[in-house]
1. Please tell me if ASP75 is open to solvent by 70 Å² or more (accessible area, probe 1.4 Å), more than 19 Å from GLU128 (Cα to Cα) and at pLDDT below 85.
2. If you take the residues of the stretch 209-229 that are over 23 Å from GLY285 (Cα atoms) and over 25 Å from the mean Cα position of the chain (by Cα), which of them is least open to solvent (accessible area, probe 1.4 Å)?
3. Check every one of the strands (runs of 3 or more DSSP E) wholly within the stretch 207-289 and list those with 2 or more residues that are within 19 Å of ASP305 (Cα to Cα).
4. Which of the residues that make up the stretch 98-126 are within 20 Å of ALA79 (Cα to Cα) and modelled with pLDDT under 75?
5. Scan the stretch 246-257 and tell me whether some residue there is at pLDDT 85 or above, among the basic types (Lys, Arg), in the same structural domain as GLU308 (by the TED database) and open to solvent by 30 Å² or more (accessible area, probe 1.4 Å).
6. Considering each of TRP185, TRP194 in turn, give the residue that is aromatic (Phe, Trp, Tyr), modelled with pLDDT of 95 or more and either surrounded by 12 or more Cβ atoms within 10 Å (Cβ to Cβ) or in a strand (DSSP E or B) (or both).
7. Within the stretch 275-283, can one find any residue that is hydroxyl-bearing (Ser, Thr, Tyr), without any contact (Cβ under 8 Å) to a residue 40 or more places away in the chain and open to solvent by 10 Å² or more (accessible area, probe 1.4 Å)?
Amino acid sequence: MVSDRDSPSQRSDSDESTADSTISRRHALQAGIVTTVSLSGCLGDGFAVDSGDDSDTGTDDGDESTEEGDPYPDDGPLATVYAYLEAAVDEDLDRMSELSHSDNPVDPAAWVEEGWEFRGGGDEEALEEVEMEVRDDDATVEDVFELEGAEFWFEEEDLAETLEGEELATVEVGAEEPTEDDMIWVLATEDGDWRYLFAAAVDDTPDDPEEAFDEPIEDEDDDVVVEVDWEYDSPRSDVPQAAVEITEERGVEANRIEIETTIEGASTGAYDREDDEFTATWDGGHTLYIPYDTDGDQIVVTAIDEEEDESWVVHREHYLPSDDGDG
């Protein structure tokens, strides 16, 4: 889910780009929209929303939920999650909104009204690979606030008052071969029906960050990366950020670059785009800012040729507290 009014490429030389950088597999909730396995509901430069449809919720008095092939033929939390995912595949924003709790901070229909653009919701084949199970069918508001990003969206006292007398459940959603982190969805009843309230990635941060590190790769020819400054001191934010300076002229056949921090889970990037409403290019030299985990992290810079559907890592650099920041 992206808005041309606030593009990271347009703002890449400003700390304001950090707002987009914080969107990621693990920290998506803190910035605005959440991703779910390979079925991201809204895909774009950082923003993504979970997905679903109504055919399996069993919320109607009819017998739709018992049709042959319905994987979750009941009116419980699993049926609601699956239905929401189906609606995203169908790009049915109205149905996604209908399946959302009134306190869901990432209701896609509401975001579209604010000027964001919904970009696809996966496909039926990917939906068939989704696995889910109820983690806790008697969850509490306290459980919600154990999830990353909850404090960004909710006031605990207000949420407790809103959900007083309602049922809460948590559902783990993933896939056999997930391309994204597994997610924890929070479902709450509203008017007697289960509704999607909130979701966050399962925190799988290793105790030793180096366990997640791959071999460093240096962009020796400055094809994309000039320098990574791990000690960048932002004048506008207390969030630890690395400043990644990219070349004035690209040395690779690619129209997009993506920068990720492996442990923090943040991402940002630059790209070429030209249409009737918007023009951007990552030529000309930019500095992109990306949050990282000060206990240890890894920056990965990937070049992407969208026309050829190819991508490759051009730079990979490690940070540890004892390092000088040069990998």
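The values are calculated or read from the model by the stated rules, or taken from the named source; none is laboratory data. Worth saying up front: this structure is predicted, and the values here are computed from it rather than measured. Cβ placement follows ideal geometry from the backbone for every residue including glycine, while neighbour counts extend to all protein chains displayed. Side chains are part of the model used for accessible areas, which takes the heavy atoms of the whole protein and leaves out ligands, DNA and RNA. Shrake-Rupley method; radii C 1.70, N 1.55, O 1.52, S 1.80 Å.
1. Yes: the conditions hold for ASP75.
2. The extreme case among them is PRO216.
3. 256-261, 267-271
4. Scanning the stretch 98-126 gives GLY121, GLY122, ASP123, GLU124, GLU125, ALA126.
5. Yes, some residue in the stretch 246-257 is at pLDDT 85 or above, among the basic types (Lys, Arg), in the same structural domain as GLU308 (by the TED database) and open to solvent by 30 Å² or more (accessible area, probe 1.4 Å).
6. Just one listed residue meets the conditions, TRP194.
7. yes
Okay, residues lined up against (1) in a helix (DSSP H, G or I); (2) open to solvent by 80 Å² or more (accessible area, probe 1.4 Å); (3) among the hydrophobic types (A, V, I, L, M, F, W, C):
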| site | (1), (2), (3) |
| --- | --- |
| TYR82 | yes, no, no |
| ALA87 | yes, no, yes |
| GLU91 | no, yes, no |
| ARG95 | yes, no, no |
| ASN104 | no, no, no |
| VAL112 | yes, no, yes |
| GLU131 | no, yes, no |
| ALA160 | yes, no, yes |
